[in-house]
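K.L.:
Here it is, the structure in full.
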Amino acid sequence: MSAPMSAERFITALRGEGLTVVEVGAWRTHNRNHKGPWGPVNGVMIHHTVSRGTANTVALCREGDSRLPGPLCHGVITKDGRVHLVGYGRANHAGAGDPDVLRAVVAEKALPPDNEATTDGNRHFYGFECENLGDGEDPWPTRQLDAIARAAAAVCRVHGWTSRSVIGHLEWQPGKIDPKGFTMASMRTRVAERLK
C-alpha cells in the first residue's frame, strides 16, 4: 500500500526500464481526481483496448466517450512497444471489482476468483491499456509484450512490489475478458524476470 508516485517519477521509472515514452498533451494533469481519491495504490492493471491503429487508440484512451470520459488509463502500450502517457491520477480504467482480489494483491498472494464488484479499483491501480482487438486472434507482437512487462516492472520497482501486484482486468471484475491473447500468469513471469 503506497501513495502514488509523482508524474515525474512515473515517467522516469518507465524510461529507466528501457521504454520509449510518448507524452500526449498535458498528461500530468489530465485525470478524474474530482470524482474521488487516487490512492493508496496497490498494483498495476493490464487491459486490451478493442481498437486498432495507434492514433485512434491513443485518442480513445485519452478522451474516452460520452459514457466513460477519459483518461481511460495512465499509459497506452501500442503494437510497436511505445508507451503513450495520456493521463495521471485517477483514471476510468478499473471500475468496481472484488475486494477479496484487492486484499490478495495487497498481501501479494494468489488471486481468488473475482465474484463481486463492490470496490473502487480506479483508486487503487495504475492502468495500462494495450492496443489489441481482444478477439483472441489479433497478435501480440513480442515488442509489445516486452513493453507491457517493462511498464509493470517499472511501477513495481518503485513501490517495492513483486509481480503478484500485476493483474488483468479479467481478474478484477466479473465478466471482463481483458487482456485476451496471453495469460496473466505468463505476464507475471515476465515481470518477475525483469525484477530479478
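K.L.:
Would you pick out the residues in region 110-132 that are farther than 17 Å from His47 by Cα and not aliphatic (A, V, I, L, M)?
P.N.:
Scanning region 110-132 gives Pro112, Pro113, Asn115, Glu116, Thr118, Thr119.
K.L.:
Please indicate, with yes or no, whether at least one residue in region 146-161 is open to solvent by less than 60 Å² (accessible area, probe 1.4 Å), among the acidic types (Asp, Glu) and assigned to a loop (DSSP other than H, G, I, E, B).
P.N.:
The answer is no, given that none of the residues of region 146-161 is open to solvent by less than 60 Å² (accessible area, probe 1.4 Å), among the acidic types (Asp, Glu) and assigned to a loop (DSSP other than H, G, I, E, B).
K.L.:
Kindly check whether there is at least one residue in region 125-144 that is polar (S, T, N, Q), touching a strand residue (DSSP E or B) at 6+ places or on another chain (Cβ under 7 Å) and surrounded by fewer than 18 Cβ atoms within 10 Å (Cβ to Cβ).
P.N.:
No, there is no match, as no residue in region 125-144 is polar (S, T, N, Q), touching a strand residue (DSSP E or B) at 6+ places or on another chain (Cβ under 7 Å) and surrounded by fewer than 18 Cβ atoms within 10 Å (Cβ to Cβ).
K.L.:
Something else now. Looking at this structure, is Gly89 part of a loop (DSSP other than H, G, I, E, B) and either among the charged types (D, E, K, R) or open to solvent by less than 50 Å² (accessible area, probe 1.4 Å) (or both)?
P.N.:
yes
K.L.:
Moving to a separate point now. Looking at Asp100, is it part of a loop (DSSP other than H, G, I, E, B), open to solvent by 10 Å² or more (accessible area, probe 1.4 Å) and either more than 26 Å from His30 (Cα to Cα) or β-branched (Val, Ile, Thr) (or both)?
P.N.:
No; evaluated as a whole, the condition is false for this residue.
K.L.:
Still on this structure: I'd like to know if region 79-97 contains one or more residues that are out of contact with any Cys (no Cβ under 6 Å at 6 or more places or on another chain) and β-branched (Val, Ile, Thr).
P.N.:
yes
K.L.:
Separate question: Kindly list, by first and then second residue, each pair from a residue in region 7-33 that is at negative phi to a residue that is open to solvent by 40 Å² or more (accessible area, probe 1.4 Å) and in a helix (DSSP H, G or I), limited to pairs with Cβ atoms under 6 Å and residues at least 6 apart or on different chains.
P.N.:
Taking only residues 6 or more apart or on different chains, the pairs are Ala7/Arg28; Ala13/Val158; Glu17/Arg150; Leu19/Arg150; Val21/Arg15; Val24/Arg62.
K.L.:
Restricting attention to region 7-23, report how many residues are of a type outside the set (D, E, K, R), outside any helix (DSSP H, G or I) and open to solvent by less than 30 Å² (accessible area, probe 1.4 Å).
P.N.:
Number satisfying all stated conditions: 2.
K.L.:
Does region 103-117 include one or more residues that are over 23 Å from Leu195 (Cα atoms), at pLDDT 95 or above and among the basic types (Lys, Arg)?
P.N.:
No.
K.L.:
Further question on the same structure: Every residue in region 15-38 that is in contact with a Lys or Arg (Cβ under 7 Å, 6 or more places away or on another chain) and under 21 Å from Cys156 (Cα atoms), please.
P.N.:
Across region 15-38, the qualifying residues are Glu17, Gly18, Leu19, Thr20, Val21, Val22, Pro37, Trp38.
K.L.:
I'd like the full set of residues that are within 24 Å of Gly121 (Cβ to Cβ) and not hydrophobic (A, V, I, L, M, F, W, C), limited to region 1-30.
P.N.:
Passing the criteria: Ser2, Pro4, Ser6, Arg9, Glu17, Arg28, Thr29, His30.
K.L.:
Of all the residues that make up region 62-79, how many are out of contact with any strand residue (DSSP E or B) (no Cβ under 9 Å at 6 or more places or on another chain), open to solvent by 60 Å² or more (accessible area, probe 1.4 Å) and not polar (S, T, N, Q)?
P.N.:
Result for region 62-79: 3.
K.L.:
Taking into account only those residues within region 29-61 that are in a helix (DSSP H, G or I) and over 16 Å from the mean Cα position of the chain (by Cα), which is nearest to Pro141 (Cα to Cα)?
P.N.:
Only one residue tops the list, namely Thr54.
K.L.:
Could you pull out the residue among Gly89, Gly168 that is under 14 Å from the mean Cα position of the chain (by Cα) and at negative phi?
P.N.:
Gly168
The values are calculated or read from the model by the stated rules, or taken from the named source; none is laboratory data. Not measured: the values here are computed from a predicted model. Using ideal geometry, Cβ is built from the backbone for each residue, glycine included, and neighbour counts are taken over all protein chains shown. Surface accessibility is based on the protein's heavy atoms, side chains included, excluding ligands, DNA and RNA. Shrake-Rupley method; radii C 1.70, N 1.55, O 1.52, S 1.80 Å.
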